[in-house]
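No lab work stands behind these numbers, since they all come straight from the coordinates. Predicted model, so just to flag it, every value in this text is computed and none were measured. Note: ideal-geometry Cβ built from the backbone for every residue, glycine included; neighbour counts use all protein chains shown.
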Amino acid sequence: MIGAVDIGGTKIAVGMVDDAGRVLSKLECPTDAHRGYPNGLDRIVDMLRKTGRLAGVEISGIGIGSTGMVYPISGAFGDVDFLQGWQGNNPVKDLSQAFNVTAALENDADASALGEAGWGAGKGKSRLIYVTVGTGIGGGIILDGQLYRGADMAHPEISHHVIDPSGPLCTCGFRGCWESLATGPAMVAWLRQNATNDHMYSADLTAKQICQLAQQGDELARRAVEREAYLLGLGLANLINLFVPEVIVLGGSVMKSAALFLDGIRKTISQGCRFVPFEKTELALASLGEDANLIGAARVWHHRFRQRAGRSS
């Protein structure tokens, strides 16, 4: 029974996850990063104990998925924008000591990739890329069953490869990277820039609403959806050309409207991937539902310790 911890910029979720990837109990609280790491650690420990009691189980290991830059081997937080003041602290060491069990930490996108590979849409696939599209774009890469890491064990930032060098400025420093063009907020920004004065949209317009408007026949919304499908297809085509995975698993809030995008995505991929067997790469939708982050966090522990022991579940 694995205690799963998902640390995000706005909330922390904790739960008990069994060997089949089922969440038996869960709790969550605001992250409140400004209250400091010791306060956050105390709340995580308390929720782990409570969820263990709720499920009637003892914790045998702890898996952690966290937003931002982390050091998975040492178990420490890096420079995480949403967790100011938590840098350098080590939840793996602290939670291991609190519960006398092994613990493991990964970036949350890598954790989600492991979850989908182990218990979700990518089960049984040894070469998988997970891509989440929402307010940002994130992802994780699994090659030959192992989580891919770069130099210094770094998490690859797949969202920051350039699609259009004349595009909008991104926080990464480049113009026109994938994240600056193909997220939900980017859809909204493009539609507002191209709306005429006689066509007013609500002040709190979202990508979900744009998709609904497109289905209702709004011409500009339909163009925004077509453009989004093309831009998503460009980024995915690049990933296929580079890695030729068996499956790309698509998740995130924008992909809840995947039916509007998939045909356009596949058309773009077929145009730009002629030199690799792109038809062998399946496009699958994330399947773990609202508990995906907790399930992924639990899978972090399985990947680190059970696979190492040759007993992968």
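Descriptive notes on the structure:
- Over region 169-259: Rg over Rh, Cα atoms, Kirkwood Rh: 1.00
- 29 Å Cα cut-off, lysine pairs counted over the chain (separation 8 or more, or different chains): 25
- DSSP-loop chymotrypsin sites (Phe, Trp or Tyr not before Pro) across region 214-313, with at most 10 other Cβ within 10 angstrom: Phe275
- Note on the chain: the C-alpha convex hull projects to 17.0 nm² when averaged across all orientations.
- Angle in degrees between helix 262-272 and the longest Cα principal axis of the chain, rounded to the nearest 10: 80
- Taken about its Cα centre, region 51-158 carries a charge dipole of roughly 340 debye when the Cβ of each Lys and Arg holds +1 and the Cβ of each Asp and Glu holds -1.
- Computed Rg/Rh of region 1-154, alpha carbon atoms with Kirkwood Rh: 0.95
- For region 95-149, the alpha carbon convex hull comes to 107 Å³ per residue, rounded to a whole number.
- Cleavage-rule hits, trypsin sites (Lys or Arg not before Pro), region 1-93, DSSP coil, Cβ neighbours within 10 Å at most 16: Arg22
- Net charge over other residues, Cβ less than 14 angstrom from the Cβ of Arg53 (K, R count +1; D, E count -1): +1
- For region 129-162 versus region 12-28, the inter-centroid distance based on Cα atoms is 24 Å.
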